[in-house]
1. So S195 clears everything in (1) part of a helix (DSSP H, G or I); (2) open to solvent by less than 50 Å² (accessible area, probe 1.4 Å); (3) within 16 Å of the ligand (Cβ to nearest atom) except one condition, right? Which one?
2. Go through the range 119-154 and report how many residues are closer than 15 Å to Y228 by Cβ, among the hydrophobic types (A, V, I, L, M, F, W, C) and surrounded by fewer than 16 Cβ atoms within 10 Å (Cβ to Cβ).
3. Kindly evaluate F256 against the criterion of being near the ligand (Cβ under 9 Å from one of its atoms), within 23 Å of R139 (Cα to Cα) and either free of Cβ contacts under 8 Å to residues at least 60 places away in the same chain or among the aromatic types (F, W, Y) (or both).
4. Within the range 202-223, can you find the residues that are in contact (Cβ under 8 Å) with a residue 40 or more places away in the chain, open to solvent by less than 30 Å² (accessible area, probe 1.4 Å) and either assigned to a helix (DSSP H, G or I) or near the ligand (Cβ under 6 Å from one of its atoms) (or both)?
5. Quick check, is R95 among the charged types (D, E, K, R) and either touching a residue at least 12 places away in the same chain (Cβ under 8 Å) or part of a helix (DSSP H, G or I) (or both)?
6. Every residue in the range 98-118 that is open to solvent by 60 Å² or more (accessible area, probe 1.4 Å) and assigned to a helix (DSSP H, G or I), please.
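The values are calculated or read from the model by the stated rules, or taken from the named source; none is laboratory data. Predicted model, so just to flag it, every value in this text is computed and none were measured. Cβ atoms come from the backbone with ideal geometry, glycine included; neighbour counts cover every protein chain shown. To get the accessible areas, we keep the full protein, side chains included, count just its heavy atoms, and leave off ligands, DNA and RNA. Shrake-Rupley method; radii C 1.70, N 1.55, O 1.52, S 1.80 Å.
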Amino acid sequence: MTSTISSTSQEKTVPAGDYSSHFSANISNIAAEISANNYQRENFLRQRLHDKQQQQKMQAERYIYNYVNHQPDQVALHSAILGIVLALSLAAMARLWKAGSYFQLPGYIASLTAFHFLEYWITARYNPTKVTIDSFLFRNGTSYFIAHASAIVEASIEWTFFGDLKKHIILPAIGFALMVFGQTLRSVAMIHASSNFSHIIVHQKADSHQLVTTGVYSFTRHPSYLGYFWWAIGTQLFLMNPVATVGFTIILWRFFNNRIRYEEKFLTEFFGDKYIDYKKTTGTLIPFIK
Ligand SMILES: C[S@@+](CC[C@H](N)C(=O)[O-])C[C@H]1O[C@@H](n2cnc3c(N)ncnc32)[C@H](O)[C@@H]1O
């Protein structure tokens, strides 16, 4: 005689008289299944806990990274100071212009302020993964500080002792045109290159780094350097500073000559023939730098 007994998943036919061994086999299967399920569930919960902890750790690390690198309190402070200096220098410029006096000095300070603000703002807006407090470019080294301080000292001394010589209009007008051209070119280059731009020369190629050869990069390989070069010389012509005009030109030319060579070593490593071809067809437009 046979009997049909329902097991967990399918019906099985077992011989009569063999029920007890069949049940005990089934019970141990169910027990094994429960313990396997518990094990799976425990593992699942452990994994969830681990994921959650990892997530929290990552959030904490991101928070610390953001705080250390972006320093929102410092960004607010820097921006407020830049805004105040810009407003005061524009007001002083307008007053001196009206009085027929040397308006260029506050004008120079206004353009310096606008430059530092734009460096940060454009990075934050168009290249947000690279923005840090250093994007203001305030920590540009002692020589940078000395150069601008000397320009202010020269302008003040010359205005005090040879004021009449500073009353020409042509040189400041040329200087102003160069400042506008240089600042615009630099800002447009930073916007166009977006995430491919970085204030620091990169030594390792990121997967996302692409060679930019379009827009302003189609007529000069280094538009942001070209822009800065003419902006800075323009500021000294605007101030009618003969010594600083010559000094800035020599120092900046040497600086960009070295920097371009160094930067292009890495760009050639990153992009190979593509960069070599780009170099053949597009110059720098900085005088005497091929
Ligand atoms: C301060 S940016 C200057 C960019 C460029 N030299 C200019 O004057 O516009 C320096 C970084 O830009 C990157 N870079 C320079 N030229 C590039 C190009 N044509 N395409 C993509 N990245 C470029 C370099 O790898 C470097 O890390």
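1. (2)
2. Adding up the residues that qualify gives 1.
3. yes
4. Y217, H222 - these are the residues of the range 202-223 that are in contact (Cβ under 8 Å) with a residue 40 or more places away in the chain, open to solvent by less than 30 Å² (accessible area, probe 1.4 Å) and either assigned to a helix (DSSP H, G or I) or near the ligand (Cβ under 6 Å from one of its atoms) (or both).
5. Yes: the conditions hold for R95.
6. Listed by number, the residues that qualify are K98, F117.
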